[in-house]
Amino acid sequence: MIKTVEWTREGVRMLDQRLLPNEEKYLTLRSYEEVADAIKQMVVRGAPAIGVSAAMGLALGASQSVGTSIADLEFDFNFMCKVMEATRPTAVNLFWAVERMRGVIAKAKQEGVRDVEDIKQRLTEEALLIYNEDIEANRAIGMFGGKLIPDGATVLTHCNAGALATAGDYGTALGVVRGAIDAGKRVAVIADETRPFLQGARLTAWELAKDNIPVTVITDNMAGHIMKQGKIDCVVVGADRIAANGDAANKIGTYMVAVLAQQHHIPFYVAAPLSTVDLSTATGDDIPIEQRDAKEVTHVREHQLTPDGVEVHNFAFDVTPNELIAAIITDRGVARPPYTESLRTLSAVLSAHAS
Ligand code: MRU
């Protein structure tokens with residue numbers, strides 16, 4: 001199993017995704033600041049993996065807090081939450097995980113817990129719970145989504161929504177592929193390379209090849225041509241935030257793929273755990289879109305591509321409108337349009353389950 005992120009005695013251990021596929025190097029991050037920086041620099045990336053990492057970073061930070069009272073711990077913890085929340089604005093799993101961790105302190109206070117060490121222990125347990133739940137959620141997405149994939153299908157993916165983008169193991173969009181394969185189907189993947197960070201070429205290709213799942217990499221601008229040739233049976237992508245109406249933010253370029261899929265009558269599926277569904281965000285227009293360092297566009301690693309001083313845009317995500325999405329595959333079942341109703345129903349099942 002790929003260990004994207006792991007809780008160890010020494011700190012939070014992460015596979016440095018910036019170096020893949022050339023180097024498989026693990027970093028041990030020994031403070032919450034180091035974890036926040038790793039999220040920002042994309043050592044770890046992918047909405048669910050960001051959420052899990054943030055939770056572990058907060059547990060680590062809390063464990064190192066030197067205050068002796070609960071008020072001291074809470075003061076430090078609130079500051080750490082702000083640092084964590086400032087790392088990447090689009091992936092809602094980050095804010096969801098921070099909220100879960102905040103809830104631990106609130107609950108302990110409500111229960112009258114007075115021992116600071118007890119609260120620190122509870123924070124660690126919550127981070128591990130979030131980690132384990134993510135692995136389980138991806139298995140469930142694979143089970144539900146695998147049923148939508150025909151035997152012999154070729155699936156187009158964008159970015160990396162695999163084990164590397166989650167706590168490990170299955171992934172979301174690639175979880176659907178793995179779920180179909182585990183159900184006995186033959187499935188091949190065509191992976192968009194995904195400029196500028198090349199998550200498809202570097203990460204999706206790496207993890208699928210490792211699992212002996214057939215994968216072919218294309219440049220992003222080949223997708224239309226290949227769809228027109230009838231080579232794609234369905235598109236499956238992940239999401240960073242899904243609004244209440246089903247509009248889905250995902251890696252830049254996803255919207256283009258969805259428009260092309262509609263033109264060629266190819267089903268376009270979004271696979272994500274319910275922790276990626278943000279019912280408090282009404283539509284995709286309300287989703288904050290991260291803009292990253294221009295150097296990701298102007299350079300490939302240290303090699304400069306564009307002339308000095310030329311302006312570039314580097315939007316990290318775009319929003320696919322719900323009308324282009326055939327279904328949203330979650331860990332609680334498959335949501336179909338109208339999403340305002342189906343997502344609310346699935347989320348209510350989750351809340352009932354949690355309470
Ligand atoms: O910028 P990234 O690499 O964090 O973007 C990741 C994506 O867009 C993924 O498709 C999304 O987070 C879903 S991951 C299961």
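The values are calculated or read from the model by the stated rules, or taken from the named source; none is laboratory data. Not measured: the values here are computed from a predicted model. Cβ placement follows ideal geometry from the backbone for every residue including glycine, while neighbour counts extend to all protein chains displayed. Heavy atoms of the whole protein, side chains included, go into the accessibility calculation; ligands, DNA and RNA do not. Shrake-Rupley method; radii C 1.70, N 1.55, O 1.52, S 1.80 Å.
Probing with 1.4 Å while keeping every protein chain in the model, the per residue accessible area of the stretch 231-271 equals 31 Å². State whether the stretch 218-355 is rounded, prolate or oblate according to the following rule on the C-alpha gyration tensor (a ≥ b ≥ c being the square roots of its eigenvalues): a/c under 1.5 gives rounded; otherwise a/b larger than b/c gives prolate, and the remaining case gives oblate. Oblate.
Any idea what log10 I(q)/I(0) is at q = 0.14, 0.20 Å⁻¹ for the stretch 34-171, Debye with uniform C-alpha scatterers and no solvent? Values returned for q = 0.14, 0.20 Å⁻¹ are -0.66, -1.12. Let me check against my output: what whole-number percent is the relative contact order of the chain, with C-alpha pairs under 8 Å and at least 6 apart? Computed value for the chain: 16 percent relative contact order.
Taking a ≥ b ≥ c as the square roots of the eigenvalues of the Cα gyration tensor of the stretch 174-252, is the shape rounded (a/c under 1.5), prolate (a/b larger than b/c) or oblate? Walk me through the numbers on the way to the answer.
Values: a/c = 1.37, a/b = 1.17, b/c = 1.18.
Rounded shape, in that the Cα axes give a/c under 1.5.
Mean silhouette area of the chain, derived from the convex hull of its C-alpha atoms and averaged over all directions, reads 17.9 nm².
Compared with the dominant Cα axis of the chain, that is its longest principal axis, helix 47-63 is turned about 10°. Close amide H pairs (under 5 Å, H built 1.01 Å from N) link residue 217 with 191, residues at least 5 positions away or on another chain.
Please compare each pair in 3/295; 40/251; 40/107; 3/185; 25/251 to a cut-off of 20 Å on the Cα-Cα distance and tell me which ones are over it.
On the way: 3/295 29 Å; 40/251 16 Å; 40/107 29 Å; 3/185 26 Å; 25/251 25 Å.
Correct reply: 3/295; 40/107; 3/185; 25/251.
Per residue, the accessible area of the stretch 77-224 comes to 38 Å², computed with a 1.4 Å probe over protein heavy atoms only.
Candidates 194, 316, 98 compared by Cα position along the dipole of the chain: farthest toward the positive end lies 194, with charges placed on Cβ.
With contributions of -39500 (n - 2.57) from each DSSP H run of at least four residues, the per-residue ellipticity at 222 nm computed over the chain stands at -13000 deg cm²/dmol.
Charges at C-beta only: +1 for Lys and Arg, -1 for Asp and Glu. How large is the resulting dipole of the chain about its Cα centre, in Debye rounded to 20?
Values: 35 positive and 46 negative charges, 145 e Å.
I would put it at about 700 debye.
If you put +1 on each Lys and Arg Cβ and -1 on each Asp and Glu Cβ, how big is the dipole of the stretch 38-189 around its Cα centre, in Debye rounded to 20? List each step's numbers first, then the result.
Working: 16 positive and 17 negative charges, 117 e Å.
Taking the Cα centre of the stretch 38-189 as origin, the dipole is about 560 debye.
With a 1.4 Å probe and every protein chain left in place, tell me how much accessible area residue 95 has, in Å² to the nearest 10. Only protein atoms counted, so the area is about 60 Å².
With no solvent and one point per C-alpha, what does the Debye sum give as log10 I(q)/I(0) for the stretch 100-187 at q = 0.14, 0.17, 0.20, 0.22 Å⁻¹? Taking Cα atoms of the stretch 100-187 as identical point scatterers yields -0.59, -0.70, -0.83, -0.93. Solvent-accessible area of the chain (1.4 angstrom probe, protein heavy atoms only): carbon and sulfur portion equals 53 percent.
Between the helical axis of 173-182 and the longest alpha-carbon principal axis of the chain there is an angle of about 70 degrees. Annotation: residue 96 carries an accessible surface of approximately 90 Å², with a 1.4 Å probe and no ligand, DNA or RNA atoms counted.
If we sort 323-331, 67-75 on the protection proxy, mean other Cβ atoms within 10 Å, highest first, what's the order?
Numbers: 323-331: 22.9, 67-75: 14.1.
Most protected by this proxy first, the peptides run 323-331, 67-75.
Working from Cα pairs under 8 Å separated by at least six residues, relative contact order for the stretch 174-250 is 22 percent.
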